[in-house]
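A short write-up of the structure that comes next.
The values are calculated or read from the model by the stated rules, or taken from the named source; none is laboratory data. Please read these numbers as outputs of a predicted model, since none were measured by experiment. Backbone-built Cβ (ideal geometry, glycine too); neighbour counts: all protein chains shown. Heads up: the accessible areas ignore ligands, DNA and RNA and are worked out on the full protein's heavy atoms, side chains in. Shrake-Rupley method; radii C 1.70, N 1.55, O 1.52, S 1.80 Å.
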Amino acid sequence: MKSNRQSSKQNNRNNNRKQDKPRPPKKRVYDEKITALYADEDGEIYDAPGIEALARVGDEIVTLTPDDLIPLPENADLMLLPGRSAIGRSHDGIETIAGTAVAAMLPAGYTRTHLPAFHKQDDAPMLPLYGYTAVVLYHDALYTTAIYTDKNDKWDPACYNTHSLKKLIKNVEQDLPNNRLVEHLAHCSLEWHCLTAENLFYHRWEAGIPTSPACNANCLGCISLQPAECCPSPQSRIAFRPTVDEVKEIGVYHLSSAPDAIISFGQGCEGEPSLAADTIAAAIKEIRSATDKGEININSNAGYTEGIKKIVDAGLDSIRVSIISARKESYDAYYRAGASYSLDDVKASIRYCMENGVYVSLNLLYFPGFNDRPEELSAWQDFIRELKIPMIQMRNLNFDPDAFLSAMPKSEGKPLGTRMFIERLHETSPELVIGSFTHFHEKS
């Protein structure tokens, strides 16, 4: 089958990591059809003329329409799916293409609506922790399946990993000598390219301060700790417990002079920050005795209510609660917290935050064909009404699609689709903000 090249070669040898930005496809007469893509054994990506692209919503293989598509964002990446053959639809029905399936990885601010469709081989490895999104050829260009949910130029990848970063790290190391957190965040910046870690050294916006090597959950998609039989974590968890002075030093340093300054506890390189509540609460009090500038935020599963209360009472400004479902059965299947805490504890923490003037947003871990199930939507609507949630931040769930679905409860109804899911949430509460970012608000 003849094919047209659509993008550059993969940069790695295992045909699994991100590649350089796709090259523009060769010019030819526009084809109104939505065409499937695949990769050859060298990692070169091609289209499959005459083969209609397919996608997935949950377990269901679906046909795409132009309304499902947007041009592939400039900062998106492509990734091969090892052990998974590309598929598409021909005149004879669904057929397997002699090549590896391809997916898009979307930049922040885009919520995926469809998963890539593929045929999984018997010996297929578990996929790394990324948010796999359908990608196709349409109008002689690469398109993907997503909704643009929020804009915040501060998280543009072009603002990060610049040539000056190493020098800026050395500057902060000189300003804050003998602070283990500075060394840890420097490693996160250079090795893992963590944006909130880098912001400390760029001296701007939201900077992360990891504090807790421990966690009270065992999330399926934990990005800092995975069992050996699973997939590798994309970053390592902090291995020490920072002191109050170490946290305070970075907090005052950043908040006192950085523009639109936020410090955040609860980073991807740590466990649950509320388990370090004594350290964080003491540090917040000392930070606020030195400066009233900026915002203090925590990213948390909110399961340890007593810890959350201590942090709130110390002067917390905002909390982002990581959550995948408002149904106990689904919540427990993902977080696997056992006797550590329950969804009711999460609700209690949110109530305490709301009652004490802390701004609450939910980091909703989104997976097309799961969160938009009728039973999930109904639970979300009750949750939002009960707790009067002001904001939801959409987060594409980074996990192997088949492994995720096999671990979660079976659907009780046909998914509504991502667009309908978001519309129904808006209808639940007219004041509800649905986006992807925390936007800095100057204090009055």
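What the table shows:
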quantity: Output for region 132-188, where each listed residue is of a type in the set (A, V, I, L, M, F, W, C) and assigned to a helix (DSSP H, G or I); calculated: W155, A158, C159, L165, L168, I169, V172, L181, V182, L185, A186, C188
quantity: Subset of region 69-84 that is of a type in the set (D, E, K, R) and assigned to a strand (DSSP E or B) - its residue that is modelled with the lowest pLDDT; calculated: D77
quantity: Filter pass, N371 being surrounded by fewer than 21 Cβ atoms within 10 Å (Cβ to Cβ) and either over 17 Å from the mean Cα position of the chain (by Cα) or more than 24 Å from H439 (Cα to Cα) (or both); calculated: no
quantity: Checking G93 against (1) touching a residue at least 40 places away in the same chain (Cβ under 8 Å); (2) open to solvent by 10 Å² or more (accessible area, probe 1.4 Å), the condition it does not meet; calculated: (1)
quantity: Qualifying residue in region 91-108 (condition: under 28 Å from W205 (Cβ atoms) and of a type in the set (S, T, Y)); calculated: no
quantity: Failed condition for D122, given (1) outside any loop (DSSP other than H, G, I, E, B); (2) without any contact (Cβ under 8 Å) to a residue 60 or more places away in the chain; calculated: (1)
quantity: Options T96, T149; residue that is within 15 Å of G83 (Cβ to Cβ), of a type outside the set (A, V, I, L, M, F, W, C) and in contact with a strand residue (DSSP E or B) (Cβ under 8 Å, 6 or more places away or on another chain); calculated: T96
quantity: The listed residue being without any contact (Cβ under 8 Å) to a residue 40 or more places away in the chain and touching a Leu at 6+ places or on another chain (Cβ under 6 Å), out of T291, T243; calculated: T291
quantity: Matching residues in region 139-189 - criterion: being hydroxyl-bearing (S, T, Y), closer than 25 Å to D68 by Cα and in contact with a Leu (Cβ under 6 Å, 6 or more places away or on another chain); calculated: Y143, T144
